[in-house]
Each structure stands twice: as C-alpha cells, then as structure tokens.
Amino acid sequence: MDDIFLGLDCSTQGFTAILINFSSSRVIYRHNLNFNEDLPYYNTQDGIVILGDEKIVHSYPLMWVEGLELLFQKMKDDGILIFNIKAISGSGQQHGTVYLNDLFEKSLKKLDHVKSLASQLKNTFSRPTSPIWMDSSTTKQCNEIRRKLGGQKSTIEILGSNTFERFSGPQIRKFYQEQPEGYHKTSRIHLVSSFLASLLLGKDAPIDHGDGAGMNLMNIKTKEWDARVLNVTAPNLEERLPLLSNSYEVIGKISPYFVEKYGFKPDTELIAWSGDNPNSLIGVGLIEKGRVGISLGTSDTYFGYLKELYLDFNGEGHVFVAPTGDYMSLICYKNGSLAREKIKDKFNLNWKEFSKVLRESPPGNNGKIMLPYFFPEIVPSVLEPQVYRFGLVEDDLEGNIRGIIESQFLSMRVHSEWIEENPEEIYATGGASINKDVLQILANVFNTRVRQFEITDSAALGAALRSAKSFYDSKNQEKTWNDIVSEFINIQHSIVIEPQNKYKILYDDLLKLYKKCEDFILKSGASPEDLRVSFIKKYY
Ligand code: XUL
C-alpha cells in the first residue's frame with residue numbers, strides 16, 4: 001500500500017489540509033477552508049478579532065477546533081480513504097497562546113464521537129480568546145522582562161530573540177497582570193500548534209522546540225524552559241506549560257474520537273506540531289545554507305536554515321529551532337498581504353490589474369518611495385502605524401502599487417543584512433508567490449534568482465513531509481532530510497525567475513535611499529531629499 005501522510009496548517013485566515021503520497025512523490029489532496037467564509041458566525045475579520053484597541057488582536061480557539069472538524073468532515077465527504085493515512089503532523093500560526101482550565105485534559109480523555117468537538121470543549125477555556133501574532137499590546141511587559149533579564153544583549157543570548165510584543169511570554173505576563181483571576185484559573189497554556197496536536201492526541205501534547213523558541217520562554221541553547229525567564233514572566237508558570245520536545249518526535253497515536261468519527265486507523269502516528277515558519281522551511285526544502293525562503297502571506301517572512309546558532313544582537317531578527325534540530329533565522333513583517341490588499345482595494349483593482357501596473361511601471365518608481373506601515377510593524381519596530389510617502393501622493397495609482405511592492409522587498413534586504421549571507425537563491429512561497437510580477441521585483445531588488453513552487457501551502461506541505469520523515473525513522477527505514485526533500489520538492493516543477501541584471505545598480509542605489517528614508521522617519525536622521533533628487537536625475 002502507498003505511504004500517505006497528512007499535513008495540516010491552522011493559519012491566521014484559514015485551515016489547510018494536504019495529503020501526500022510519498023511513494024509517488026505527489027500531492028493527492030488539498031483543501032483550504034477560510035474562517036470568514038466557512039465559519040462566518042464567529043464574525044472575525046480575516047480570522048482575527050480586534051478587542052477595542054487596534055493593538056489588541058485576538059482570535060477564537062474554539063473556531064480553530066471547529067475548523068479542524070470541518071476539514072476532516074470535508075475529507076470524508078470527498079471520499080478520501082482516511083484509513084490509509086500513516087502519520088499526521090501540523091502547523092500553527094506562531095506565538096498565539098491558548099488558555100485552558102482543568103477540564104481540558106479530562107474532556108479530551110472522554111470525548112464522545114457522536115457529539116462535536118466544539119460542544120465538548122467549549123467550557124474548557126479559561127480565556128475565550130487567544131492573543132495572536134498580530135497583537136502588539138505588550139510593550140510594557142516586554143520592557144519589564146528585558147530589564148529583569150539584564151537588557152537586550154543578555155535577553156537575546158538566553159532566548160535567541162529580543163522580547164517582542166507578539167511573543168507568548170509577554171502575552172502571558174499581561175494576562176497575569178490584568179486578569180489575575182483568569183490566570184489563576186488557567187491550568188494549561190498551549191500554543192496554537194500544541195493545542196491542536198492535543199486534540200488529536202487526546203491529552204496534552206508537547207510544544208516543539210521550533211515553536212517553543214518563539215515564546216520568549218525557552219532557552220535557545222539548552223532547549224528547555226528557562227527558569228530565570230519563567231520567574232520574571234508570571235508566577236508558577238512552569239506547571240502551566242506543557243513539556244518541550246523535538247519537532248521530529250512521534251508523540252503518540254490518534255485519539256479514538258477521530259478513529260470512530262472519521263475512520264482514521266487506530267495506529268495512525270502523530271508527530272509534534274510546529275510553527276508555520278519552521279514547517280515552511282521544510283515545505284520549500286531548505287535544509288542547507290545559501291538559500292533563503294520568503295513567504296508572502298498574511299505575514300511576510302524571510303527565513304533561512306542555520307547550521308549553527310547565530311544571533312542578531314540588533315534585536316530585529318529571531319533564531320528558532322529548525323525541524324531538523326538545527327536552527328533557522330527569521331524576520332517577520334506584519335504589513336504583508338493585508339497591506340498589499342489595502343492598496344489594491346483603494347484603487348478598486350483586482351490582482352490581474354494590479355499585476356499589469358507592476359509590469360508597466362518603471363523599476364525604481366521614478367524615485368517615489370513608500371514606508372508602508374498600514375499596521376504596527378515588527379521590523380523595523382513601528383508601534384504607531386502610519387504610511388509615509390516621499391515624492392508620492394496618495395492618489396497616484398501606479399506609484400503606490402509599485403511603491404508598496406518595492407518597499408516590502410527593500411525593507412527585507414535592509415533588515416536581513418545581519419544574516420551576513422547573500423542568498424544564492426530565494427525560495428518563494430505563500431499566497432502572493434503565485435504572482436510572477438511580484439516575484440520579478442523580488443528577484444531584481446535582491447539581484448538573485450527566485451524559485452516559485454506549484455504548491456504555495458508550504459507550511460501544510462512541510463508538516464506532511466515532517467510526518468513522513470518521523471514515520472520512516474520510527475520504523476527503522478531511516479531517510480535523510482535530503483531524501484525526504486529531494487524526492488518530493490524537486491518534483492514540484494518549480495519555475496525560476498532570473499533577476500534582470502541591468503537593474504542591479506539602480507536597486508543598490510534605491511536601497512541606500514530607502515534606508516535614508518527609514519532613518520529619517522524612525523531615527524530622526526538627515527533628510528533623504530537630496531539623495532532622492534540625485535537618484536531621479538541619474539535614472540529618469
Ligand atoms: C513569525 C510570525 C508570523 C506568524 C504568522 O514570527 O509572527 O509569521 O507565524 O503566521
């Protein structure tokens with residue numbers, strides 16, 4: 001019988017399932033549900049809910065529970081032979097925390113397959129909403145934790161990242177400070193990934209090292225909860241956290257609930273879930289140095305595989321643990337697809353028209369520059385959102401469209417310099433990576449070849465591939481990561497987009513100008529206007 005593996009991905013806006021047939025190196029099924037459309041009664045806006053202040057961004061963990069069941073029901077309705085699935089792993093949007101009371105594990109252990117999961121779990125939350133990665137309301141807690149750990153350098157040395165508003169530790173501290181009763185009623189705090197893994201497992205699942213590294217709680221060198229950090233975050237925190245595990249750990253077999261309800265085989269193996277970015281690292285096949293991934297989704301991220309631990313003491317980048325057990329670097333932008341959409345919608349365009357404008361407008365945008373902080377930005381840190389324009393008016397359709405795309409990639413080039421490695425190739429993924437005109441600009445800005453994949457759901461695909469790797473390892477049919485990735489990813493007919501070398505110097509100059517604009521706004525630097533005028537004279 002063929003070897004079938006399932007990868008799941010609960011992202012900001014939806015939930016995806018991908019089934020792969022490893023024996024024939026093919027994706028055999030894919031379904032994506034959208035929280036707005038498929039679970040409309042939660043009334044989320046693109047999967048999120050803003051709680052009064054636009055810095056407070058949450059979602060509903062019960063909606064994710066329903067999403068999981070809807071996906072399985074859809075697979076069943078579509079006639080998928082669920083019984084043939086050998087192993088499952090998953091992916092979750094990173095950093096989001098789920099707060100559970102002492103009914104959680106008890107309820108998981110006695111689930112009745114005649115009833116829905118949501119109806120049996122709805123009373124197990126000590127907090128009905130979960131703060132997610134888009135939340136930026138914990139600056140006070142970040143400052144407190146960082147100060148108590150001896151400042152930015154020692155914080156980064158311990159945790160692999162500076163304290164960040166969206167990371168779980170500062171979020172937990174805020175909950176403890178503002179709702180102490182809720183905190184005291186909380187007996188377990190999961191990440192989105194480990195929460196969903198727990199449902200499948202029928203008891204608390206561990207948090208894997210990859211997603212654990214995005215919490216501001218795990219020591220990046222020992223890969224254990226760091227007692228100093230836990231102490232300065234919230235009291236008795238360790239007893240509320242699940243165990244940590246390797247990302248490749250087989251955590252158990254699927255719970256009888258899913259066997260009875262959907263027809264899974266009782267010995268279907270479960271592999272630890274991880275964050276979407278660590279999963280994407282595998283989903284685009286990044287298991288060696290020299291290449292980077294760029295994911296263009298709700299968040300835009302720039303990430304690469306690291307053989308050794310390498311830290312960013314400027315405090316903008318993160319180091320997480322890679323699914324292989326090595327490390328990965330990452331920078332994350334909040335002004336990704338939602339910012340692109342704002343511009344598209346402002347001019348009432350569809351994506352085809354948007355692309356046409358990109359194709360027909362001049363590289364360098366006639367010296368018009370945008371700093372696109374429609375939402376609070378993570379890199380560079382901008383807590384009060386505002387869009388800044390240089391030589392560009394708000395109504396200039398062409399200038400704003402090219403402006404947003406160029407600025408997003410220029411910012412990635414500026415802020416990835418700490419990784420100290422010019423990528424030889426960029427692997428593009430995420431929803432917007434289907435757009436070749438966007439990718440051409442990416443290739444030109446970095447003067448680097450860009451690879452586009454047929455499957456843009458790299459997080460779900462990565463989860464499926466991770467489950468294959470751990471499954472074979474557990475059966476003593478060991479395969480290397482290279483076996484897993486090369487057998488599978490290379491077949492995905494990736495299309496190559498070459499940079500247009502004639503624009504290399506132009507984008508090198510534009511990069512200097514962009515930096516100057518950023519410094520002017522964010523660091524009270526000198527005016528960029530003289531440089532902008534000479535850029536225009538040189539190129540137009
Ligand atoms: C990464 C990050 C985002 C989320 C969104 O640090 O915050 O990429 O994982 O899915």
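The values are calculated or read from the model by the stated rules, or taken from the named source; none is laboratory data. Just so it is clear, the structure is predicted and the values come from calculations on it, not from any experiment. Using ideal geometry, Cβ is built from the backbone for each residue, glycine included, and neighbour counts are taken over all protein chains shown. Protein only, heavy atoms only, side chains kept; ligands, DNA and RNA dropped before computing areas. Shrake-Rupley method; radii C 1.70, N 1.55, O 1.52, S 1.80 Å.
Once you divide the Cα radius of gyration of the chain by 2.2 N^0.38 Å, the number left is 0.94.
May I ask you to derive the relative contact order of segment 246-398, considering only C-alpha pairs under 8 Å and at least 6 residues apart, and to give it as an integer percent?
After rounding, I find 16 percent.
Considering segment 452-494, its Cα convex hull presents a mean projected area of 2.8 nm². Can you give the extra length, in nm with one decimal, that the chain gains between residue 414 and residue 116 once fully stretched, where that is 0.36 nm per residue apart less the Cα-Cα distance? In short, 102.4 nm is gained.
Out of the GluC sites (Glu not before Pro) in segment 384-421, which ones are loop residues according to DSSP with at most 13 other C-beta atoms within 10 Å?
Answer in residue order: 394, 420.
Placing pseudo-labels 7 Å out from each Cα toward the beta carbon at residue 505 and residue 46 gives an inter-label distance of 3.9 nm. Across segment 369-385, coupling constants 3J(HN,Hα) worked out from phi with the 6.51/-1.76/1.60 Karplus curve, θ = phi - 60°, read 10, 10, 10, x, 8, 5, 10, x, 9, 8, 10, x, 5, 10, 8, 9, x Hz, and Gly and Pro carry x.
Dipole magnitude for segment 189-314: computed about the Cα centre from +1 point charges on Lys and Arg Cβ and -1 point charges on Asp and Glu Cβ, it is near 100 debye.
Extension gain for residue 539 to residue 394 (0.36 nm times residue separation, less C-alpha to C-alpha distance): 49.9 nm. Each of 403, 441, 418 was placed along the dipole of segment 378-455 (beta-carbon charges, centred on the mean Cα), and the one lying farthest toward the positive end is 441.
Which listed residue (380, 464, 104) has the Cα farthest towards the positive end of the charge dipole for the chain, taking +1 on Lys and Arg C-beta and -1 on Asp and Glu C-beta about the Cα centre? The listed residue farthest towards the positive side: 380.
For segment 72-207, the fraction of 1.4 Å probe accessible surface lying on carbon and sulfur atoms is 50 percent.
Take every DSSP beta bridge whose two residues both sit in the chain; close to 70 percent of them are antiparallel. Counted residue by residue at 0.36 nm each, then reduced by the alpha carbon distance between them, the extension gain from residue 28 to residue 483 reaches 161.8 nm.
Charged neighbours of residue 280, selected by a Cβ distance under 10 Å, balance to -3 (K, R count +1; D, E count -1). What does a probe at residue 447 reach in segment 502-540, counting residues whose amide N is under 16 Å from the point 7 Å along Cα→Cβ? The answer is 502-514. Among the trypsin sites (Lys or Arg not before Pro) found in segment 280-355, those both in a DSSP coil and sparsely packed, with 16 or fewer other Cβ atoms within 10 Å of their Cβ, are 289, 307.
Kindly report the accessible area of segment 151-194 per residue (heavy atoms of protein chains, probe 1.4 Å, no ligands, DNA or RNA), in Å².
31
Give me the angle, in degrees from 0 to 90, between the Cα long axis of helix 192-201 and the longest principal axis of the Cα atoms of the chain, rounded to the nearest 10. Between helix and principal axis, roughly 20 degrees.
The mean accessible area for residues of segment 230-383, using a 1.4 Å probe and ignoring ligands and nucleic acids, is 33 Å² per residue.
Taking only alpha carbon atoms, segment 360-488 gives an Rg to Rh ratio of 1.10, where Rh is the Kirkwood radius.
Dipole magnitude for the chain: about 280 debye, using +1 per Lys or Arg Cβ and -1 per Asp or Glu Cβ, origin at the Cα centre.
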